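The values are calculated or read from the model by the stated rules, or taken from the named source; none is laboratory data. Given the structure is predicted, the values throughout are model-derived calculations rather than measurements. Glycine also receives a Cβ, built like all others from the backbone with ideal geometry; neighbour counts cover every protein chain displayed. Note: accessible area is taken over every heavy atom of the protein model, side chains too, but ligands, DNA and RNA are not part of it. Shrake-Rupley method; radii C 1.70, N 1.55, O 1.52, S 1.80 Å.
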Amino acid sequence: MQLKIQNGVVELSGETILSSVNIEINDTSRIAVVGRNGCGKTTLLRLIAGEYSVSKLDSDEESFFTVSGSPKIGVLSQMTFGDEEVTMIEEIRSAYSDILALKYELEDAQEKMEAEQSGENIKKYTSLLDLFTVSGGFYFEKEYEAAVKHFGFTDEQKHRPLREFSGGQRTKIAFLKLLLSKPDILLLDEPTNHLDIEAVEWLEEYLKSYKKAFVVVSHDRMFLDNVVDTVYEIEHGKTHKYAGNYTQFTVLKKELREQQLKEYTAQKKEIERLSQLVAKFRYKPTKAAMAQSKLKQIERMKPAEAPEAYDLRTFHADFEPEDPGVKDVLSVKEMAIGYDSVLSVISLEMHRGDRVGIIGGNGLGKSTFIKTLIGAVKPLSGEYKFGPRVKIGYFDQQMALYSSSETVLADFMRAFPGMNDFEARSALGAFLFSGEDVFKTVDMLSGGERVRLALCKIFKKRSNFLILDEPTNHMDIVGRETLEDMLSCYSGTLLFVSHDRYFIQKTAKRLLSFEAGGVTEYPYGYEQYTENQKRGGEASEEKQRRDKPKKDKKTYTTPAKERARYERSIAKAEEKIALLEEEIDGVKQELGWEENASDYMKLSELQAQIEELETEPDAAMNEWERLSGEYSELLEAQKS
């Protein structure tokens, strides 16, 4: 399968959204699409999905959109529920309709084989078993059960009808079904939005082992670093391809731009030098031939293009606290939070300059804790107290998305009654509301623009204690990096909730983790937290293996069932060997790709990957030989 767009142009309502799309998707592509808000990333996904078509070029350049084969393209917006009365788990299982049909057929064939062990029955059963194994029949139930759990659904919720779920929950169910249906090209637009860290980590592992192609639009930098190997950036309406993950893309983009600028500058200087020689000698008889030669040399030069300027427009503000405040900022003592029942109990001490990040699963009380601190929700028990002269700046993404028919300028000036028009427009200009933008109504603003307006108000108040609930939602990557830089220079105190692991890693010095067993404070940042969690998890798994009681082997009541058990195990071992060999072949093919020919770092990585992979088939082959030997002994024993 191959999908390719060359020199694609997308026009909507007479306006050109994308002026030059060049993208190629192969069977196992792992592609990220990045760029500023409004640059056309979602438009590109909809073009790939067939919702938009390529416009005709005015130039003579060849332009086309071609697809080989008939790939199934999966898009979340196209996922619908046919029956609201079916349970959630029934809807999820419908993603495996082919495997389920094969499972029922296999069970029927096994019953017939056990009843009559004819050659025809055995052959049919073996054939179906091979197909069932290759299709993932022995692990699909574990796959969807793990997915449902990591997306935060309980065992009780699995058996509820779809009509009982909220809009957000239904979106997550549709997303799960899309992932598990395994389309040939999976299109994901901001898939980590509204997922907690546990769900994002599960999604990363799922995509790492995804056997088909996916294209993802995301502002989650750590997510992109972990799952993609190719980045397409949209800038000034054009796509630019870079090999590697997001971090590698940023490095490569900088290097390429510096090289392009160097070549452009060098050529410009050379043309100036030659032009001066031509001007000096072209009318001198003895030098005319030389001047003419230099002129032809200039004409033969292929003009080097000046690199396009980065689109780095972003907000900025000087928001040092008006009053630095006192040392003791916040004291929380055994405070129970929740509505009808207790969600969590928290104790926390914060001092001037602290930067505490709040992490944890959805539904455990992170946002409720923040709302309790600002007085929107009353604590169920316990107490909290702010220090004297604490001035709070509070951001809540839902509050930022309010509706208003007022203009941006009027809305902002209402928050600062003593401010004149010039001061207000200067403050708004720092957050990219300039010119006629200030006369847009708040209702006309995008999600990202509304967040900027809310932050502009907060920073203008010059608070000494910022309490932020998911501040990076609706922000593009440049905006997130800007906010990180601003907060790193902020001398006040910071408490925030976020699912953006990169933002947490860059900003938090301490962590408050909301977990199923309670709330735990960690006196270090996110990088050390993940390292400790990984070591603790590995130690815990090892302990479980040691402590796990050995189960008695299951006895089989009939010889046919025992043979079937061995046949399934042997088939799974054969599948594993085939998959490993296929993976090794795939990496070896990458070694020969033209784009890797001069990338010595990439070639070194691929060779190391091959050497590591080639040790695995030996272990799998030993397991297959053991099972085959035991199976032969079983057949001999049953004959006698």
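Couple of notes before you dig in:
- Flag: A400 matches the condition of being within 26 Å of the chain's Cα centre (by Cα) and either small (G, A, S) or open to solvent by less than 30 Å² (accessible area, probe 1.4 Å) (or both).
- Being touching a helix residue (DSSP H, G or I) at 6+ places or on another chain (Cβ under 9 Å) and of a type in the set (S, T, Y) holds for only one residue in S19, S94, S68, S55, and it is S94.
- Residues located in segment 172-206, provided they are under 24 Å from I99 (Cα atoms) and hydroxyl-bearing (S, T, Y): S181, Y206
- Those helices (runs of 4 or more DSSP H) lying entirely in segment 412-511 with at least 3 residues surrounded by fewer than 16 Cβ atoms within 10 Å (Cβ to Cβ): 421-429, 477-489
- Q292 passes every criterion in (1) under 22 Å from T520 (Cβ atoms); (2) out of contact with any His (no Cβ under 9 Å at 6 or more places or on another chain); (3) of a type in the set (S, T, N, Q) apart from (1).
- Selection of segment 612-633 for residues being without any contact (Cβ under 8 Å) to a residue 60 or more places away in the chain and either open to solvent by 80 Å² or more (accessible area, probe 1.4 Å) or acidic (D, E) (or both) yields E612, E614, T615, E616, D618, N622, E623, E625, R626, E633.
- Filter result (surrounded by 13 or more Cβ atoms within 10 Å (Cβ to Cβ), at pLDDT 90 or above and assigned to a helix (DSSP H, G or I)) within segment 150-163: Q157, K158, L162
- Residue pairs meeting the criteria (Cβ under 8 Å; at least 6 apart or on separate chains; first at pLDDT below 85, in segment 306-331; second in a strand (DSSP E or B)): E308/E235; Y310/E235; D311/E235
- Restricting attention to segment 327-381 and to residues that are among the aliphatic types (A, V, I, L, M) and in a loop (DSSP other than H, G, I, E, B), the residue that is surrounded by the most Cβ atoms within 10 Å (Cβ to Cβ) turns out to be L364.
- Of the set (1) open to solvent by less than 60 Å² (accessible area, probe 1.4 Å); (2) among the small types (G, A, S); (3) farther than 30 Å from R452 by Cβ, all apply to G69 but (1).
- Scope segment 382-411; condition assigned to a helix (DSSP H, G or I) and either over 18 Å from T441 (Cβ atoms) or polar (S, T, N, Q) (or both); matching residues: Q397, Q398
- Candidate set: segment 262-277, residues that are of a type in the set (A, V, I, L, M, F, W, C) and modelled with pLDDT of 85 or more; chosen: the one surrounded by the most Cβ atoms within 10 Å (Cβ to Cβ): I271
- Test: residue in segment 108-128 that is of a type in the set (F, W, Y), over 26 Å from the mean Cα position of the chain (by Cα) and surrounded by fewer than 17 Cβ atoms within 10 Å (Cβ to Cβ): no
- With respect to being among the hydrophobic types (A, V, I, L, M, F, W, C) and open to solvent by 40 Å² or more (accessible area, probe 1.4 Å), M290 fits the description.
- Check on K576, open to solvent by 70 Å² or more (accessible area, probe 1.4 Å), modelled with pLDDT of 75 or more and at negative phi: yes
- Taken together, the residues in segment 1-16 that are part of a loop (DSSP other than H, G, I, E, B) and either polar (S, T, N, Q) or in contact with a strand residue (DSSP E or B) (Cβ under 7 Å, 6 or more places away or on another chain) (or both) amount to 2.
- A residue that is closer than 22 Å to A174 by Cβ and β-branched (V, I, T) cannot be found anywhere in segment 53-72.
Let's see how each residue does on (1) under 23 Å from T43 (Cβ atoms); (2) assigned to a strand (DSSP E or B):
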residue: P183; (1), (2): yes, no
residue: L187; (1), (2): yes, yes
residue: P191; (1), (2): yes, no
residue: H194; (1), (2): yes, no
residue: V200; (1), (2): no, no
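- Residue list for segment 198-238, restricted to those being over 13 Å from the mean Cα position of the chain (by Cα), open to solvent by 20 Å² or more (accessible area, probe 1.4 Å) and under 21 Å from D27 (Cβ atoms): S209, K211, K212, T230
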